[in-house]
Amino acid sequence: MIVRHFLKWIGNARVGERAAAAGALARALLDHQIAFEDRCEAEAALTLLLDDPSPKVRAALAEALSTSHHAPPQIVAALASDQDEVAACVLVRSPLLTEVDLIDRVASSRPSIQALIASRPVVSMSLSAAIAEVGALQACLALVANEGAEIASLSFRRMAERFGHEAALRAALLGDPRLPGECRHMLLVALGEALRHAPLVRALMGEARAERVTREACLRASLTLIEHTAASEHAALIEHLRLRGELTAGFLLRAIAHGKVDFLGSVLMTLSGHSETRVRAILASGRDVAVSSLFGASGLAKPLHGVFLRALKVWREVAAGRRVAGAQEVSWLMLQEIGAAPGQPGPAESDRDVAALIKTIHLEALRDNAREHALAIAAA
């Protein structure tokens, strides 16, 4: 009887009154103690309110039903398809919207709606994958900011591939501890490309120098990235570098000079096909012949074996506590190994390119140490 009076009254009521009544009736419907007949009448009345010309009335209805497991599903589905201000709370909160419903909405909705869905308290891995694959930048930003979102490594990679050139998403991804190492490297490369093509950088440095500086900066950033990449992610990062053509002897020279022995071990495991136990044992305590054999099985050119082995012996002593050394000393000893240190006759012609690279690493280490010393003096 009350619902019948409501339906007669609502035709002449003002918008504010209709909105308040819609919310009250929706909350009454969710009361488990309501009689079955009254419930059916209330549901019919609420269905009729879906056609109310005022979005305020429909928004009040959505607000009242958005968190309930017992709301009429046809009403929730209609509200989720309404205009943004009506659909927002339903899309963000409603437990009645299935994963399939939400994925379909992501595929067919505007960026603002995609972002609302990405902001739900819990976002499944499948829904995250859909947002990463077809979502707009706004939706991907919301997804990365959502601590309740379960995001697969592949989804992180797709967002990095699609929007790595966008500073906002690049910063959000790099700030996310869940981001896999290979995605971090991809974003570092994208950042380097953005800097290289920046008009100010090109004007100040010229195109050739800007390219060289950004390339060197990316290489050094890659070494820093290795430090923050878990050993379990080394294989994915190595494959990423290999596919990009960046897993070069030069890159590995930098890695060993800076003491990234664990990462080098992961690379040698991948390239040689030997087991982790065997590779780790050879690097930790293997004889020179065994180490050189491992290098050869990994495809490293024989002229490089000596400098790699010299660096490895130093880092073994450091690990055992018998020596204190850093990249500056290690790179100097590597130069000595091929006769390229000052006072030596100079490297053989076949070693000149290697000597030039090691000298660059050594000079970088000298600058870094001098900079740190100066900052320490200033801070004292």
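The values are calculated or read from the model by the stated rules, or taken from the named source; none is laboratory data. Since this is a predicted model, take the numbers as computed values, not measurements. Here the Cβ positions follow ideal geometry from the backbone for every residue, glycine too, while neighbour counts run over all protein chains shown. Accessible surface areas use protein heavy atoms only, side chains included; no ligands, DNA or RNA. Shrake-Rupley method; radii C 1.70, N 1.55, O 1.52, S 1.80 Å.
Worth a mention:
- Of the trypsin sites (Lys or Arg not before Pro) in segment 273-304, the ones in a loop by DSSP (not H, G, I, E or B) with at most 16 other beta carbons within 10 Å are Arg287.
- Residues in segment 328-380 average 62 Å² of solvent-accessible surface per residue, probe 1.4 Å, ligands and nucleic acids excluded.
- Each of Ile361, Ile103, Ile10 has its accessible area taken with a 1.4 Å probe; listed largest first, they run Ile103, Ile10, Ile361.
- Cα centroid of segment 265-286 to Cα centroid of segment 105-163, whole Å: 39
- Of the accessible area of segment 237-380, computed with a 1.4 Å probe over protein heavy atoms only, carbon and sulfur atoms account for 54 percent.
- Surface composition of segment 22-98: carbon and sulfur atoms hold 56% of the protein heavy-atom accessible area at a 1.4 Å probe.
- Ranking of Trp315, Trp332 by solvent-accessible surface, largest first: Trp332, Trp315 (1.4 Å probe, protein heavy atoms only, all chains present).
- Rounded to the nearest 0.05, the FRET efficiency derived from the C-beta distance between Glu147 and Ala297 at R0 = 45 Å is 0.50.
- The C-alpha atoms of the chain define a longest principal axis, and helix 302-319 lies at about 70 degrees to it.
- Most to least accessible of Asp38, Asp82, Asp353 (protein chains only, probe 1.4 Å): Asp353, Asp38, Asp82
- Area of Lys302 that stays accessible when all protein chains are in place (1.4 Å probe, Å², to 10): 150
- Spatial offset of segment 28-79 relative to segment 304-346 amounts to 75 Å, using the alpha carbon center of each.
- Across the options Leu79, Phe308, Ala281, the greatest Cα extent toward the positive end of the charge dipole of the chain (unit charges at beta carbon of Lys, Arg, Asp, Glu) belongs to Phe308.
- Among Arg18, Arg184, Arg120: highest mean-square fluctuation, GNM of the chain, C-alpha pairs under 10 Å: Arg18
- Each of Gly175, Leu97, Ala348 was scored by the projection of its Cα onto the charge dipole of the chain, and the greatest displacement toward the positive side belongs to Ala348; charges sit on the C-beta of Lys, Arg, Asp and Glu.
- Lys, Arg +1 and Asp, Glu -1 on Cβ, resulting dipole of the chain about Cα centre, debye, nearest 20: 1180
- Net length available on complete extension from Arg244 to Glu99 is 48.7 nm, with 0.36 nm assigned per residue and the Cα-Cα distance removed.
- Label assignment, volume of the Cα convex hull per residue in Å³ derived from the structure, set (i) 210; (ii) 115; (iii) 231: (iii)
- 0 to 90° range, to nearest 10: angle between helix 261-272 axis and the chain longest Cα axis: 90
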